[in-house]
There are 2 protein chains.
Amino acid sequence: MKLVLLSGGSGKRLWPLSNDCRSKQFIRILKEVNGSELESMVQRVWKQLDRVDLAHHSYVATGKSQTELIQNQLENRASIIVEPERRDTYPAILLAASYLYSIEGVSLQESIAVLPVDPYVDDAFFLKVKELDGTLNDYQADLALIGVKPTYPSEKYGYIVPTSDNILDDSIKVSHFHEKPTEEQANQLIQQNAYWNCGVFAFKLDYLITHMRERNFPLHYDELVKQYNNLPKISFDYEVVEKSKNIIMLPYEGYWKDLGTWNTLTEEMDETIIGKGVLSDDSLNTHIVNELDIPVTVLGVSNAIIAVSPDGILISDKASSPKVKDLMKNYEQRPMFEERRWGWYKVLDYARNDEGKEVITRRICISPNSNLSYQVHKERIEIWTVICGKGELILDGILQEIQTGDVIRILAGVKHSVRAITNLEIIENQIADNLNQEDIQRISMNWEEILDYSSNRVG
Amino acid sequence: MKLVLLSGGSGKRLWPLSNDCRSKQFIRILKEVNGSELESMVQRVWKQLDRVDLAHHSYVATGKSQTELIQNQLENRASIIVEPERRDTYPAILLAASYLYSIEGVSLQESIAVLPVDPYVDDAFFLKVKELDGTLNDYQADLALIGVKPTYPSEKYGYIVPTSDNILDDSIKVSHFHEKPTEEQANQLIQQNAYWNCGVFAFKLDYLITHMRERNFPLHYDELVKQYNNLPKISFDYEVVEKSKNIIMLPYEGYWKDLGTWNTLTEEMDETIIGKGVLSDDSLNTHIVNELDIPVTVLGVSNAIIAVSPDGILISDKASSPKVKDLMKNYEQRPMFEERRWGWYKVLDYARNDEGKEVITRRICISPNSNLSYQVHKERIEIWTVICGKGELILDGILQEIQTGDVIRILAGVKHSVRAITNLEIIENQIADNLNQEDIQRISMNWEEILDYSSNRVG
């Protein structure tokens, strides 16, 4: 069995901790099981997959913008299937199928389970995922799903409705689906033994490859990538699941939660304060999540979420917190914190100075043995002050060692890269008439290749 | 008539905008009258004194720690009487009297009015202050006070109680004082025509000089400074006012307010948001004061004050806000923002790095024609990146011009200073095993004198 984890959309439902670069699944806010560090939903799920022996059978399907972040958080252990552009789940899953078929050589008889990258569940959930393989075999089903036992008549989920003449044992034959019912309808659905659709489905690879063949889609990954922008922008649920005839559902009655809003997320926090903060005794059911070094003090404010990041400060009544998505929808902002393949950066200061120039000050942290790309700027000058660690710098083809206290002044037109030997921290000042992403021309990412550009490479 | 403005204590009643360096009177939070800029209480009062023609007769009595800030905010227009240490109002006012007498040569027949540096009042209040001069003359009074007509039976103010056989016209003969009564007592006091004591009193210089002479205190300022630490640590109210026999009070019925807590201060704010912020429509009677560049969003939280500065983030129910003083009382913190004689600085980042060294990154802004002191460090290295403007640098005796994009690396033991030609902004990185104030050895503050240390001074 292979797993395809869909790592989806950016969004502002958890602003200011989620933004256009950092989706909710990457926020490090959950306490490690049997540990003391904080971890993200993605990291939590990956550890669970490890425990049930599924991690090395798992692939993450996602857009280009998330790959660095995923590799960073999963320490380069995940195989990533990169979508050339973000469309919807139908094209994404076709692409994953073609990748497994044409690149990985997976057998057509292998079961493929597709699931979101961030379900908040017990390990038992993933054992249930494993069972989908047997279910597909036992019932010769087109699709096998997991249904979550509803705990209340939710209006925001989709429901999986069983056939009335259900004669199966531990599994349920699916009649049809019902999206976002009214509360009254939801109550009726629950009486009919309907389950919540948690977005997990499995099929034999053969099922989807046949589907693609019938539609004359290319089966080879490289070819499908080229035609990706022509694939219909539609969800897999609509295009495949709802049209399938023979669907079996495995009921799951364990813990499952959608941590999509501050309201639901704070319920899973182990402590009321993450980061620097003080809550007065009369601030009841209030949570602080503080990613800044600046202390937060809350006095006499109950039922609130205080979320603080370099991007913003949210003070919200918990019941109102889902509205943050709409309020911040049109709010465009340069991300002030980003995790990257090589480490992370934080914007410390931004200003347009009296001379009309843009100035950005960043703290950059590069992990040992990681490197920035070899790059050059047309407009900006960059001044780096090393504040921690040791590294190797290539400046205009000259390789040199750098360490704490060193200063590097990089003029426009000068090619440069740096690789961390130990954890390397730099305060960087960028100065230009206009600072924008287009002013970065990347020559190479690969350090061995970059070394070839240096005239004094040793050995 | 001369005015002595007492600029008192630091404190945390308006944390995080007030701290050990920045007392509440210096917070720039009030909208200018007929202007669009924000100003502090001190700046507001100084403009009012200007309008009623009293500014050039005014002196500010304060401690050393506030002088730079006052000079910065009042653009070096105030005469400052510096207390060698903070004691209480009695020694402070004696010192001011000796200064006016022995240094300024003020006549013994001149009236001296003493008042807090930050009353929040109409201009009419200062016209009333002017009238105290005539009152002292007309009634041959020892002291003349201003009383504020009470608007409610406050338990936190002191009351000035008139004599029962009050036969004066616009002025009232004082019987005695009543500090912080119960609400019931306050109601009785108001029925007796008592007024709030707003801390304004006037006397002939002769009255206080005689008082000092009788107690064998030195009359010369220089001598009194030396003995300042022996003066009794007591308030002028207890030691002088309450012991005086012939006191006249002028009633003031105009606007007067004690802006000492977030609760009272926000009532005087012109807009609900200062700085970057968004308030949802259902956040009623909530104020945002944001000194950071990071945006604040408030969703469904009413009757709250959100105060954000580099020192901290306060989220408080307005009624609870006076408690912030107690909550933050024992909270010790390096100030993250300071206004100085030469401009201001802001701490952007602080860390102890993996190598055990302390690193501080600051943005420093030096006003045109101002300079840092000529100084040297034993331990730290400093790396400066000029991000705006032009200046003159002296580094180990060598004078040179610097401008945007330049980098200066200052090793331990190297004497250095800088003077701004235009508005000069610098990103400074300090690195040392331990960063502390004792590592700064100041050689000179005066630029002309500093220039004498440079070997290549021109002209």
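The values are calculated or read from the model by the stated rules, or taken from the named source; none is laboratory data. Source: prediction; values computed, not measured. Don't worry about glycine lacking a Cβ; one is built from the backbone with ideal geometry, like all the others, and counts go over all protein chains shown. For the accessible areas, the whole protein counts, side chains as well, though only heavy atoms, and no ligand, DNA or RNA atoms are used. Shrake-Rupley method; radii C 1.70, N 1.55, O 1.52, S 1.80 Å.
Where both partners of a DSSP beta bridge lie in the protein assembly as shown, what percent of those bridges are antiparallel, to the nearest 5? Of all bridge pairs located within the protein assembly as shown, approximately 70 percent are antiparallel. Annotation: amide H-H contacts under 5 Å for A:ILE80 (H modelled 1.01 Å from N, sequence separation of 5 or more, or interchain): A:VAL60. Taken one residue at a time, the phi angles of segment B:86-101 give Karplus couplings (6.51, -1.76, 1.60, θ = phi - 60°) of 7, 10, 8, 6, 4, x, 5, 6, 4, 4, 5, 4, 5, 5, 5, 6 Hz. Gly and Pro are set to x.
The separation of segment A:29-56 from segment B:369-416, counted between C-alpha centres, amounts to 49 Å.
Projecting 7 Å from Cα along the Cα-to-Cβ direction, the label point of A:ASP270 sits 5.0 nm from its equivalents in the other copies, listed shortest first. What translational diffusion coefficient, to the nearest whole µm²/s, does segment A:1-138 have by Stokes-Einstein, given a Kirkwood radius computed over alpha-carbon pairs, a temperature of 20 °C and 1.002 mPa s viscosity? Translational diffusion coefficient: 137 µm²/s. Taking the label point 7 Å from Cα in the Cβ direction, how far apart in nm is B:GLY356 from each other copy of itself, listed shortest first? Its label point is 5.1 nm from the equivalent points in the other copies.
Highest mean packing first, where packing is the average number of other Cβ atoms within 10 Å per residue, the peptides A:84-93, B:416-425 line up as B:416-425, A:84-93.
What does the charge count near A:GLU355 come to, summing +1 for each Lys or Arg and -1 for each Asp or Glu among other residues with Cβ under 12 Å from its Cβ?
On the way: positive: A:ARG352, A:LYS357, B:LYS390; negative: A:ASP354, A:GLU358, A:ASP433, B:GLU425.
Value of the local net charge: -1.
What does the C-alpha gyration tensor say about the overall shape of chain B? Classify as rounded when a/c is under 1.5, otherwise prolate if a/b is larger than b/c, or oblate. Oblate. Computed from the C-beta positions of A:ASN229 and A:ASP165, the FRET efficiency with R₀ = 41 Å rounds to 0.40.
When nucleic acids and ligands are ignored and a 1.4 Å probe is applied, B:LYS149 ends up with an accessible area of around 80 Å².
Which whole number gives the average, over all residues in A:319-328, of C-beta atoms from other chains lying within 10 Å of the residue C-beta?
Details: counts 2, 7, 2, 1, 4, 3, 0, 0, 5, 4.
So the per-residue partner count for this stretch is 3.
Annotation: the antiparallel percentage among DSSP beta bridges lying fully within segment B:1-115 is about 15. For the segment B:418-430, counting C-beta atoms of other chains within 10 Å of every residue's C-beta and taking the mean gives 3. In the protein assembly as shown, helices alone account for a calculated mean residue ellipticity at 222 nm of -5500 deg cm²/dmol, with every DSSP H run of four or more residues adding -39,500 (n - 2.57). Here the Karplus curve 6.51 cos²θ - 1.76 cosθ + 1.60, taken at θ = phi - 60°, turns the phi angles of segment A:203-218 into couplings of 8, 6, 4, 3, 4, 7, 5, 4, 4, 6, 4, 4, 9, 6, 7, x Hz, with x standing for Gly and Pro.
Relative to the longest principal axis of the Cα atoms of chain B, the long axis of helix B:41-51 makes an angle of roughly 60 degrees.
For peptide B:304-315, compute the average count of partner chain beta-carbon atoms within 10 Å of each residue's beta-carbon. Present the calculation step by step, with values, prior to reporting the outcome.
Working: counts 6, 1, 4, 1, 4, 1, 2, 2, 7, 14, 6, 15.
Counting other chains' Cβ atoms within 10 Å and averaging over B:304-315 gives 5.
Here's how it looks for B:THR422: its modeled amide H is under 5 Å from those of B:LYS390, which are all 5 or more places away or on a different chain. Classified by the C-alpha gyration tensor, the protein assembly as shown has an oblate form. Its axis ratio a/c, with a ≥ b ≥ c, is 1.5 or above, and a/b does not exceed b/c. Modelled spin-label separation between B:LYS180 and A:ILE103, with each label point placed 7 Å from Cα along the Cα-to-Cβ direction: 7.3 nm. The antiparallel fraction among DSSP beta bridges confined to chain B stands at about 75%.
Please label the shape of segment A:147-241 as rounded, prolate or oblate, based on the square roots a ≥ b ≥ c of the eigenvalues of the alpha-carbon gyration tensor (a/c under 1.5 means rounded; beyond that, a/b larger than b/c means prolate, else oblate).
Numbers: a/c = 3.36, a/b = 1.99, b/c = 1.69.
It comes out prolate by the Cα gyration axes.
Sort A:243-253, A:121-131, A:439-449, B:377-387 by packing, meaning the average of other beta carbons within 10 Å per residue, with the highest value first. Numbers along the way, then the final one.
Details: A:243-253: 17.2, A:121-131: 18.8, A:439-449: 13.2, B:377-387: 21.3.
Averaged packing, sorted descending, gives the order B:377-387, A:121-131, A:243-253, A:439-449.
Taking a sphere under 13 Å around the Cβ of A:SER7 and counting the other residues whose Cβ falls inside, with K and R at +1 and D and E at -1, yields a net charge of +1.
Neighbours of A:GLU155 by Cβ distance under 9 Å: Lys/Arg scored +1, Asp/Glu scored -1, total +1. For segment A:270-275, the Karplus equation 6.51 cos²θ - 1.76 cosθ + 1.60, evaluated at θ = phi - 60°, returns couplings of 6, 10, 7, 10, 10, x Hz by residue, with Gly and Pro reported as x. Within the assembled protein chains, the solvent-accessible surface assigned to B:PHE217 is about 40 Å², based on a 1.4 Å probe. Comment: the Cα-to-Cβ extended label point of A:LYS233, at 7 Å, lies 7.2 nm from its counterparts in the other copies, nearest first. Of all chain B residues, the closest to the B-onto-A rotation axis by Cβ, with that distance in whole Å, is B:LEU348, 2. For B:LYS204, the residues whose amide H sits under 5 Å from its own are B:ILE112, ignoring neighbours fewer than 5 places away on the same chain, with H placed 1.01 Å from N.
Here the relative contact order of chain B, from alpha carbon pairs under 8 Å that lie six or more residues apart, stands at 14 percent.
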